[in-house]
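What follows is one structure encoded as structure tokens, with my remarks underneath.
The values are calculated or read from the model by the stated rules, or taken from the named source; none is laboratory data. Small disclaimer: the values here were computed from a predicted structure and weren't measured. Note that we place each Cβ from the backbone using ideal geometry, even for glycine, and neighbour counts take in every protein chain shown. Ligands, DNA and RNA are excluded from the accessible area calculation, which covers all protein heavy atoms including side chains. Shrake-Rupley method; radii C 1.70, N 1.55, O 1.52, S 1.80 Å.
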Amino acid sequence: MYSSIQEVKDMIKPDMINSLVDDIFPESTEDEETKLAKLNEIIQGAIKDADAEIDGYLNKRYPSPLPSPPAIINKLSKDIALYNILSRNGMLKDERENNYFERYKYAIKFLENVAKGIADIGITVPAQKANSSFNISSNTKIFGRNNMKGM
């Protein structure tokens, strides 16, 4: 995983964590510890989804998943995972949630640019042999400069 559950949680303000728990488990009678454990499962799922989305873009230029991802990939994973979590129940257009949406849009734009070769994530990978089944073969030349003399 490109980010951890704790890293994503650290980006969420405590009052928002409480709000998320209440939104996810509105009428649950479970204790707070059980609710937070379930929230961790949701965060983990959001990170997996975010990482899959990142790998989808990176596959254009890099083998993925990246064994040693650079810091920018960690940041993008957290931003996309947060967006995934907050968009579960729909996002309001208030300033706080709009910030997460803007960060998500930036992450996707950056990944699109990486896929197009416009942006770089700062790692080098060995050149990969093209995996193509397209081959060209031809017969020897019948006509050419050297075999047309005297005609």
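Within the stretch 15-39, restricting attention to residues that are open to solvent by less than 40 Å² (accessible area, probe 1.4 Å) and either in contact with an Asp or Glu (Cβ under 7 Å, 6 or more places away or on another chain) or under 19 Å from S4 (Cα atoms) (or both), the residue that is modelled with the highest pLDDT is L39. Of all residue pairs spaced 6 or more apart or on separate chains, those with beta-carbon atoms under 6 Å, a first member in the stretch 49-69 that is free of Cβ contacts under 8 Å to residues at least 24 places away in the same chain and a second member that is open to solvent by 60 Å² or more (accessible area, probe 1.4 Å) are D55/P65.
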